[in-house]
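The values are calculated or read from the model by the stated rules, or taken from the named source; none is laboratory data. The model shown is predicted, which means the values in this text are computed figures rather than measured ones. As a convention, Cβ positions derive from the backbone with ideal geometry for all residues, glycine included, and neighbour counts pool all protein chains shown.
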């Protein structure tokens, strides 16, 4: 009995008479599929909206219930060669993992067979110069066939299957000409070998498969990485919540079951399950995943709280204000997906260009075949000439023009502490003419430190750090990180709400509040966002100012960006009073504080409207939508997973110099890419007419194709040099003494 799917279970109402469903799509292999799928569904009666996300392979369809149903548009997807089923995270991940595993197997088979066939081909080529006899040459060709034919039958399946699906749907997708070229090359090679010809082309067919599979595996792995990071966003909300029942008892429910108006209990150490309002209780919450600010926020009755924040001190009773898909985390996720789809148009342009190039190549080969037959040539010679055209016009040089530069530039950036996340990263970074920075964790260090450490007496900070290691307070943790000590004092005792103390060699040590350490001086004048602790050793009391310090080379890096002709702005979720001094220190006039994720996207759109290509540099969850919406994006390695996933590149260390190097290296890579594309065009302009006129044999065509590939690769290697001012591997995490002193006051007697 055939199973039926209850689509009502998977769909959701979005308006009067309008429903929506998420479908996982099978068979997507390139960005051209996006236009094909959306274009097939939009004309259907009753379809309100059809939008495909290439990264997650999730198709969202909205329809008018009175006019159509999911079964109809799923049948339409099947007709054009795509399988569709209700989107389930676990099922989609399992299918994607299986697809990746299969592609890797195909790639391994292609690589293994290509290496062995090339060994046999080299033997034949060298044998031509040493008068290899015909039986030996035929033996080597048959050995190549024995390896190539089964290898191509297995490794070529990703292309053959998609080509057949396209032909059944009467659609000429990119895999149709690829499959045709591979089969013609292999078929002619078998024919030539059977007739004792001097040359066969098994190596060319398998190498073409190897290159194409490498690109497809890379694309698949990048999608999986982005998808895993998006799943982490959902995990931030937690899986369960403690909800109050009408009789006042507590019931454990899934977070998805919460509704607006529900009352929930959040214990210390738990994540807040939904956007809510505090009804009773008092505590401190860590909202760094939302705002990027590392300092905990004290909350009392009536305070608004975000899903994903962590409760630290006391038990809180909350009233849910936004549940289901309405919380801030879900809004961030939707903004990320929307921005990612908008940015996907850039990739579709490249796919369209490739889609035009392939039919032109095969049309040229077919015209050559017909032309030579009309000219009076034999069928055998006409086919040989047409295959020579196919081989010589194989877009290997064109395909390598950009990737070869990317590989070389990626290695250079790797040595400079920058890791690329996307294939288009170099081009995006090179085109940027305006840079927007987040503040907390980007321009500043991700964790707070002791800003006046350089002005403290020698050894005092290490002693204070050993005492601080006995406390769990975040300010004490900042002191512990600042010192060189690795072991706390054995007899340390924490006094709740005051500080921590210990006796060492008969001397009392205290770290905590002014009253706890008996500070008798005036209250310090602190910069916004800063906190203070006091350390007492015997009769001496010192003040420790704790705040997020600027990255040690922030001033120099911002100046370098301006010298390169780039505009610079700050868009931060922090209070304007905390952003202003940072902007003043760095000489940045264009800055804004208190920005929500949607506000940042609006600011980026305003810059785009001025004709600017914006590079966004940020690290927090609230930066993820802006990172996705910007023309290019960078994140520090300390950024949250989702921010890193939406970034074109991630930089290491605690300096900003890698941002400068990323732009500088990308600009050089862009020049090399253009040169390589020019070389590939010149090659085709010279080689194709010669092949069409019959002056090129398939062997010479293969050699010319390889030569053009080598030429663009050698040109790409010119980008291998590391810039002289690239940061060293020892990217010191601590601010320089000069920068510390500039921010410190006289705080010790």
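Within the range 684-699, restricting attention to residues that are within 17 Å of residue 360 (Cβ to Cβ) and in contact with a helix residue (DSSP H, G or I) (Cβ under 6 Å, 6 or more places away or on another chain), the residue that is modelled with the highest pLDDT is 692.
Only one of the listed residues (270, 331) is at pLDDT below 80, within 28 Å of residue 627 (Cβ to Cβ) and not assigned by TED's automatic domain parsing to the domain that holds residue 440. That residue is 331.
Any idea which of 428, 472, 486, 481 is at pLDDT below 75 and within 35 Å of the chain's Cα centre (by Cα)?
On the way: 428 fails: at pLDDT below 75; 486 fails: within 35 Å of the chain's Cα centre (by Cα); 481 fails: at pLDDT below 75.
Checking each option against the conditions leaves just 472.
With respect to (1) surrounded by 15 or more Cβ atoms within 10 Å (Cβ to Cβ); (2) modelled with pLDDT under 80; (3) not in a strand (DSSP E or B), the lone exception for residue 73 is condition (2). Considering the range 43-58, the residues that are modelled with pLDDT of 80 or more and within 30 Å of the chain's Cα centre (by Cα) include one that is surrounded by the fewest Cβ atoms within 10 Å (Cβ to Cβ), namely 49. Scanning the range 432-447 for residues that are modelled with pLDDT of 90 or more and more than 15 Å from residue 627 (Cα to Cα) returns a single hit, 433. Counting only residues that are modelled with pLDDT of 85 or more, out of contact with any helix residue (DSSP H, G or I) (no Cβ under 8 Å at 6 or more places or on another chain) and not in a helix (DSSP H, G or I), the range 544-568 holds 2 of them.
Filter the range 456-477 down to the residues that are more than 14 Å from residue 500 (Cβ to Cβ) and buried (at least 18 other Cβ atoms within 10 Å of the Cβ) and list them by number. Hits for the range 456-477 are 456, 461. Looking across the range 517-543 at every residue that is at pLDDT below 80 and farther than 26 Å from residue 297 by Cα, the one that is nearest to the chain's Cα centre (by Cα) is identified as 521. The residue that is surrounded by the most Cβ atoms within 10 Å (Cβ to Cβ), among those in the range 594-612 that are in a loop (DSSP other than H, G, I, E, B) and free of Cβ contacts under 8 Å to residues at least 40 places away in the same chain, is 595.
Any idea which of 310, 383, 356 is surrounded by fewer than 22 Cβ atoms within 10 Å (Cβ to Cβ), at pLDDT below 75 and either touching a helix residue (DSSP H, G or I) at 6+ places or on another chain (Cβ under 7 Å) or not assigned by TED's automatic domain parsing to the domain that holds residue 618 (or both)? Reasoning before the result, please.
Details: 310 fails: at pLDDT below 75; 383 fails: at pLDDT below 75.
Within the list 310, 383, 356, the selection yields 356.
The numbered conditions (1) outside the structural domain of residue 620 (by TED's automatic domain parsing); (2) outside any loop (DSSP other than H, G, I, E, B); (3) under 30 Å from residue 656 (Cα atoms) are all true for residue 458 except (2).
Can you tell me which of 113, 123 is assigned by TED's automatic domain parsing to the domain that holds residue 214, under 19 Å from residue 204 (Cβ atoms) and modelled with pLDDT under 90? Of the residues listed, the single one that is assigned by TED's automatic domain parsing to the domain that holds residue 214, under 19 Å from residue 204 (Cβ atoms) and modelled with pLDDT under 90 is 123. Whether a residue is more than 18 Å from residue 159 (Cα to Cα), surrounded by 20 or more Cβ atoms within 10 Å (Cβ to Cβ) and at pLDDT 80 or above was assessed, and residue 61 passes this test.
Does residue 37 fit the bill of being within 19 Å of residue 216 (Cβ to Cβ), at pLDDT 75 or above and more than 22 Å from the chain's Cα centre (by Cα)?
Details: within 19 Å of residue 216 (Cβ to Cβ): yes; at pLDDT 75 or above: yes; more than 22 Å from the chain's Cα centre (by Cα): yes.
Yes: the conditions hold for residue 37.
Scan the range 146-163 and give yes if some residue there is outside the structural domain of residue 40 (by TED's automatic domain parsing), assigned to a helix (DSSP H, G or I), closer than 18 Å to residue 385 by Cα and at pLDDT below 80, otherwise no. Explain how you work it out, then say what you get.
Initial filter on the range 146-163 (outside the structural domain of residue 40 (by TED's automatic domain parsing)): 146-163.
Within this subset, residues satisfying the condition of being assigned to a helix (DSSP H, G or I) are 146-155, 157-163.
Narrowing further to those that are closer than 18 Å to residue 385 by Cα: none.
Checking the range 146-163: not a single residue is outside the structural domain of residue 40 (by TED's automatic domain parsing), assigned to a helix (DSSP H, G or I), closer than 18 Å to residue 385 by Cα and at pLDDT below 80.
With respect to the conditions (1) at pLDDT 80 or above; (2) not in a helix (DSSP H, G or I), residue 102 falls short on a single one, namely (2). Screening residue 702 against (1) more than 22 Å from residue 432 (Cα to Cα); (2) at pLDDT below 70; (3) in contact with a helix residue (DSSP H, G or I) (Cβ under 7 Å, 6 or more places away or on another chain); (4) surrounded by fewer than 19 Cβ atoms within 10 Å (Cβ to Cβ) leaves a single unmet condition, (4).
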